[in-house]
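Reading through the structure tokens given below for one structure.
The values are calculated or read from the model by the stated rules, or taken from the named source; none is laboratory data. Quantities reported herein were computed from a predicted structural model and do not represent experimental measurements. Positions of Cβ are generated from backbone atoms using ideal geometry, with glycine treated the same way; all protein chains shown enter the neighbour counts.
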Amino acid sequence: MIAGENFGCGASREHAPWALLDQGITCVIAPSFADIFNNNCGKNGILTIALPIEICEALAAQAGGSNSVFEIDLETITVTTPDGVEHSFEFDEGRREKLLKGLDDIALTLQSDGDISAFEAQRKLATPWLETAS
């Protein structure tokens, strides 16, 4: 989807990204995004790409054509237009890695399961009074 400035303004709940996903939209390109909407998109696996308004307008003009397939490459952090023009964009590295590896916040946390278990075992020894009686 190609959108205008401050896209997602007023969408402070996850229902907005869910609605996009329900429509098959997994990427939104716009000049800017509302912060809460942008964060909710990230938590739901939607790629949000901020590009200058002039580029967004040019992309929107191309999107109506019969061959309007755009390529988004998260590894090289580029958008390529149907006519082969490549645009680079900035993207948060942590969010990029999560998307590339297919991780959500829970899966990311579970990558540290061994460290978490070791911490919990040590905590139980150091503060046994915090354990509940069974």
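At a glance:
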item	result
Filter pass, Glu97 being surrounded by fewer than 10 Cβ atoms within 10 Å (Cβ to Cβ) and assigned to a helix (DSSP H, G or I)	no
Gln111 vs. criteria of a type outside the set (A, V, I, L, M), surrounded by 10 or more Cβ atoms within 10 Å (Cβ to Cβ), at pLDDT 90 or above and over 18 Å from Ala3 (Cβ atoms)	no
When residues of the stretch 2-13 are limited to those that are without any contact (Cβ under 8 Å) to a residue 60 or more places away in the chain and surrounded by 16 or more Cβ atoms within 10 Å (Cβ to Cβ), the one farthest from Gly42 (Cα to Cα)	Ala3
Those residues of the stretch 59-91 which are loosely packed, with under 12 Cβ neighbours inside 10 Å and assigned to a loop (DSSP other than H, G, I, E, B), in sequence order	Gly64, Gly65, Ser66, Asn67, Val69, Glu75, Thr76, Asp83, Gly84, Glu90
Pair list, Cβ < 7 Å and 6+ apart or interchain, from the stretch 56-79 residues that are farther than 19 Å from Leu99 by Cα to residues that are among the hydroxyl-bearing types (Ser, Thr, Tyr)	Leu59/Thr81; Gln62/Ser68; Gln62/Thr81
Exclusive hit being crowded, with 16+ Cβ neighbours inside 10 Å and polar (S, T, N, Q), set Asn44, Asn38	Asn38
Among residues of the stretch 31-49, those that are within 8 Å of the chain's Cα centre (by Cα), within 11 Å of Ala16 (Cβ to Cβ) and of a type in the set (Val, Ile, Thr), counted	1
Enumeration of residues in the stretch 64-116 that are β-branched (Val, Ile, Thr) and within 19 Å of Ile49 (Cβ to Cβ)	Val69, Ile72, Thr76, Ile77, Thr78, Val79, Thr80, Thr81, Val85
Search result, residues across the stretch 99-134 that are farther than 30 Å from Glu75 by Cβ, within 35 Å of the chain's Cα centre (by Cα) and of a type in the set (Lys, Arg)	Arg123
Filtered residues of the stretch 17-52 (kept if out of contact with any Leu (no Cβ under 9 Å at 6 or more places or on another chain), in contact (Cβ under 8 Å) with a residue 12 or more places away in the chain, in a loop (DSSP other than H, G, I, E, B) and not hydroxyl-bearing (Ser, Thr, Tyr))	Ile25, Ala34, Pro52
Criterion violated by Pro128 - all others in (1) in contact with a helix residue (DSSP H, G or I) (Cβ under 8 Å, 6 or more places away or on another chain); (2) exposed (fewer than 11 other Cβ atoms within 10 Å of the Cβ); (3) more than 30 Å from Glu5 (Cα to Cα) satisfied	(1)
Selected residue (criterion: farthest from Val69 (Cα to Cα)) from residues of the stretch 83-101 that are of a type outside the set (D, E, K, R) and free of Cβ contacts under 8 Å to residues at least 24 places away in the same chain	Gly94
